[in-house]
Amino acid sequence: MANKLELTWYGKDKQIKIEPRLLIEDTALSNCASDPDTENMLIHGDNLLALKALESKYTGKVKCIYIDPPYNTGAAFDHYDDNLEHSTWLGLMYMRLQILKKLLADDGVFCCQIDDSEGAYLKVLLDEIFGRSNYLNTFYVQVRYPNKTLAEDSDYQKVIEQCHVYAKQRPLAKLNRPQVEYDISKFKWRVVEDAVGEVVTLGNKRVEIFKPGQYHIEEIEPCLEGLKETWATGSLARVKASAGEFFELYLVDRKDIDGLGCLYKVEGIGEDGLGYRYISGPKKATANKGKFYSGIPMKRLEELKTGKSYRYLPVSNFCDYAGSFGNCRLEGGVDFNGGKKPEALLEMLLRYYSNPGDLVLDSFLGSGTTAAVAHKMGRKYIGIEMGEHAYSHCKTRLDRIIAGSDGSGVTKSLSWQGGGGYRFYELAPSLMNQDAFGEYVINKEYDADMLAAAIALHEGFTYQPDSELFWKQSIGNENSYLFVTTRHMNSAFLDSIKDTMEEDEYLILVCRSFDAGLDKAYPNITIKKIPQMLLSRCEFGKTDYNLNIVRPPVIDAEEEEWDE
């Protein structure tokens with residue numbers, strides 16, 4: 001019996017071994033003249049293969065991931081294929097989500113936008129992968145105005161999408177909460193004791209009771225010494241050890257004993273350093289409400305005395321972006337009919353869950369919105385898109401942003417002027433393909449350097465040729481190295497390598513063939529043969545694991561009226 005709650009579907013247990021591919025920069029398409037050291041990446045290719053290619057270098061490095069995956073709605077679009085059966089959709093998403101979690105930093109946050117076609121299934125799937133305890137929030141995003149559609153062929157109108165948010169490790173994830181300057185305008189009251197009151201003990205606290213005529217309350221200009229007036233009712237009455245709770249427990253019925261309009265000075269309550277709290281009793285026989293008067297909390301007061309103090313606001317889980325969705329079709333200078341997300345939405349998410357310099361990733365880049373906003377906000381980014389619009393939309397859009405000629409989206413609010421850069425990558429072809437006899441052989445498109453780099457990726461090494469010792473071609477951990485050659489290995493060649501090795505160094509040597517018994521010659525040298533060493537590791541020759549890309553139904557301009 002399973003010891004956890006999980007979602008199951010046909011084919012879930014089928015393991016697909018994904019080939020780790022090289023990423024090859026197309027320097028003709030890269031745009032880094034004004035930022036030669038840019039780490040931004042735009043990748044064209046199947047996103048599952050691309051994520052696998054990123055895994056070795058970027059595991060644990062990404063601060064914020066946003067994806068807007070296929071909605072599986074059954075509606076077809078110009079740029080995408082559609083109509084995946086539920087189990088296929090879940091299976092392909094499952095593989096991608098597993099790698100995306102690996103790429104997240106320990107303090108990273110994952111955001112996934114979806115509608116109700118697969119939203120409930122996706123939520124359970126994310127609970128399984130990230131852990132339910134790491135669930136942070138679901139933003140309910142209004143994407144169109146209700147009662148604006150003119151179409152009559154649907155019984156229901158979808159106006160809301162969801163964006164599920166998860167942390168890699170919740171205790172480490174930080175939300176950049178909105179903040180406002182602490183307002184002292186309500187601290188405008190002063191209590192003046194005109195006479196000595198009667199002292200009693202209530203709730204183990206010393207209470208001085210002032211009758212009408214023994215005190216007065218005056219309004220003053222707001223200041224650091226002023227008091228704030230608050231009704232001692234509602235939720236405040238349920239806060240433990242608070243003035244509201246004290247009023248409910250001990251003062252609300254004192255009007256029959258002390259009379260109406262009394263003021264109670266209760267010692268030992270409050271965080272303002274005064275050591276007491278003034279609480280007024282009911283002023284009418286039928287009343288059961290009172291007020292309390294509090295000073296600025298000590299921590300706030302110290303901050304205000306030395307400068308400014310800020311108050312953090314909670315983040316609402318409802319976001320109205322109907323207007324932005326209605327007007328984003330041409331954002332970035334690229335027309336994307338259906339499913340395009342407005343820059344304002346991405347700006348909100350990246351503002352909450354990342355900071356300048358952090359790495360952002362979107363593996364369903366679409367028209368390039370995430371990369372566009374990340375660029376304008378000073379984040380590093382990796383964007384992956386398999387369609388031709390990686391060139392026609394994503395690249396075009398980023399080029400306009402770098403040139404400073406894009407005035408749409410959040411350009412104005414962020415005061416973006418242009419600059420920066422990115423590098424454009426293609427997925428390398430499969431390392432091996434089948435010959436005329438059905439046997440797997442090394443792909444002829446791979447030269448010696450590509451072959452060495454690809455096998456290093458398979459073996460978990462970093463391709464980094466040493467300038468002095470040729471066999472230190474790729475480096476691993478703890479003085480371990482990898483050397484790949486297409487030649488036959490004999491004892492003389494192996495001995496020449498061994499003579500230059502230190503005692504604590506370890507080498508994996510990969511070749512096409514070697515003399516009998518040579519693989520046992522030295523304990524710190526392991527010899528492997530290609531392609532045999534790779535055949536059982538992954539699927540070779542697979543060009544795509546097609547999930548791309550399904551979006552919500554397109555609303556034509558004639559079918560829906562948008563506010564300008």
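The values are calculated or read from the model by the stated rules, or taken from the named source; none is laboratory data. What you see is a predicted model; the values in this text were computed from it and never measured. Cβ atoms come from the backbone with ideal geometry, glycine included; neighbour counts cover every protein chain shown. Accessible surface areas use protein heavy atoms only, side chains included; no ligands, DNA or RNA. Shrake-Rupley method; radii C 1.70, N 1.55, O 1.52, S 1.80 Å.
Pull up the range 155-192, narrow it to residues that are in contact (Cβ under 8 Å) with a residue 40 or more places away in the chain, under 24 Å from residue 97 (Cα atoms) and in a loop (DSSP other than H, G, I, E, B), then point me to the one that is most open to solvent (accessible area, probe 1.4 Å).
Among them, the one singled out is 174.
All but one of (1) within 30 Å of residue 87 (Cα to Cα); (2) modelled with pLDDT of 95 or more hold for residue 535; state the number of the condition that does not hold.
Single failed check for residue 535: (2).
Take the residues in the range 320-347 that are open to solvent by less than 10 Å² (accessible area, probe 1.4 Å) and aliphatic (A, V, I, L, M), then tell me which one is nearest to residue 31 (Cα to Cα).
334
Do we have residue 101 as in contact (Cβ under 8 Å) with a residue 60 or more places away in the chain, basic (Lys, Arg) and either surrounded by fewer than 17 Cβ atoms within 10 Å (Cβ to Cβ) or at negative phi (or both) here?
Against the criterion (in contact (Cβ under 8 Å) with a residue 60 or more places away in the chain, basic (Lys, Arg) and either surrounded by fewer than 17 Cβ atoms within 10 Å (Cβ to Cβ) or at negative phi (or both)), residue 101 qualifies.
Which ones in the range 476-492 are of a type outside the set (Val, Ile, Thr) and in contact with a Leu (Cβ under 9 Å, 6 or more places away or on another chain)? Reasoning before the result, please.
Narrowing the range 476-492 to residues of a type outside the set (Val, Ile, Thr): 476-483, 487-492.
Hits for the range 476-492 are 476, 480, 481, 482, 483, 489, 490, 491.
Kindly indicate which of 299, 341, 380 is closer than 30 Å to residue 218 by Cα and among the charged types (D, E, K, R). Explain how you work it out, then say what you get.
Numbers: 341 fails: closer than 30 Å to residue 218 by Cα; 380 fails: closer than 30 Å to residue 218 by Cα.
Criteria check complete, one pass: 299.
Taking the range 215-234 on its own, how many of its residues are open to solvent by 50 Å² or more (accessible area, probe 1.4 Å), in a loop (DSSP other than H, G, I, E, B) and without any contact (Cβ under 8 Å) to a residue 40 or more places away in the chain? It would help to see each step written out before you state the result.
To start, the set of residues in the range 215-234 that are open to solvent by 50 Å² or more (accessible area, probe 1.4 Å) comprises 216-219, 221-222, 224-225, 228-229, 231.
Those left that are additionally in a loop (DSSP other than H, G, I, E, B): 221-222, 224-225.
Pick out the ones that are also without any contact (Cβ under 8 Å) to a residue 40 or more places away in the chain and you get 221-222.
Number satisfying all stated conditions: 2.
Of the residues in the range 305-316, how many are touching a residue at least 12 places away in the same chain (Cβ under 8 Å), out of contact with any helix residue (DSSP H, G or I) (no Cβ under 8 Å at 6 or more places or on another chain) and either open to solvent by less than 70 Å² (accessible area, probe 1.4 Å) or aliphatic (A, V, I, L, M) (or both)?
Qualifying residue count, the range 305-316: 1.
Yes or no, residue by residue, for (1) on the phi > 0 side of the Ramachandran plot; (2) charged (D, E, K, R):
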residue: 223; (1), (2): no, no
residue: 228; (1), (2): no, yes
residue: 232; (1), (2): no, no
residue: 253; (1), (2): no, yes
residue: 262; (1), (2): no, no
residue: 270; (1), (2): yes, no
residue: 295; (1), (2): no, no
residue: 304; (1), (2): no, no
residue: 310; (1), (2): no, no
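Out of 133, 154, 185, I need the residue that is modelled with pLDDT of 90 or more, hydroxyl-bearing (Ser, Thr, Tyr), over 16 Å from residue 354 (Cα atoms) and touching a Pro at 6+ places or on another chain (Cβ under 9 Å). Which one? Write out each step before concluding.
Numbers: 133 fails: touching a Pro at 6+ places or on another chain (Cβ under 9 Å); 154 fails: modelled with pLDDT of 90 or more.
It is 185.
Tally the residues that are loosely packed, with under 15 Cβ neighbours inside 10 Å and closer than 18 Å to residue 200 by Cβ, restricting the search to the range 261-304.
Total satisfying the criteria: 3.
Can you tell me which residue is farthest from the chain's Cα centre (by Cα) among those in the range 439-461 that are free of Cβ contacts under 8 Å to residues at least 24 places away in the same chain and open to solvent by 40 Å² or more (accessible area, probe 1.4 Å)?
Looking at residues that are free of Cβ contacts under 8 Å to residues at least 24 places away in the same chain and open to solvent by 40 Å² or more (accessible area, probe 1.4 Å), I get 439.
Does the range 116-126 contain any residue that is out of contact with any strand residue (DSSP E or B) (no Cβ under 7 Å at 6 or more places or on another chain), β-branched (Val, Ile, Thr), at pLDDT 90 or above and open to solvent by 40 Å² or more (accessible area, probe 1.4 Å)?
Keep residues of the range 116-126 that are out of contact with any strand residue (DSSP E or B) (no Cβ under 7 Å at 6 or more places or on another chain), which gives 116-118, 120-121, 124-125.
Retained after the next criterion (residues that are β-branched (Val, Ile, Thr)): 124.
Still in the list and also at pLDDT 90 or above: 124.
Still in the list and also open to solvent by 40 Å² or more (accessible area, probe 1.4 Å): 124.
Looking for residues that are out of contact with any strand residue (DSSP E or B) (no Cβ under 7 Å at 6 or more places or on another chain), β-branched (Val, Ile, Thr), at pLDDT 90 or above and open to solvent by 40 Å² or more (accessible area, probe 1.4 Å), one finds at least one in the range 116-126, hence yes.
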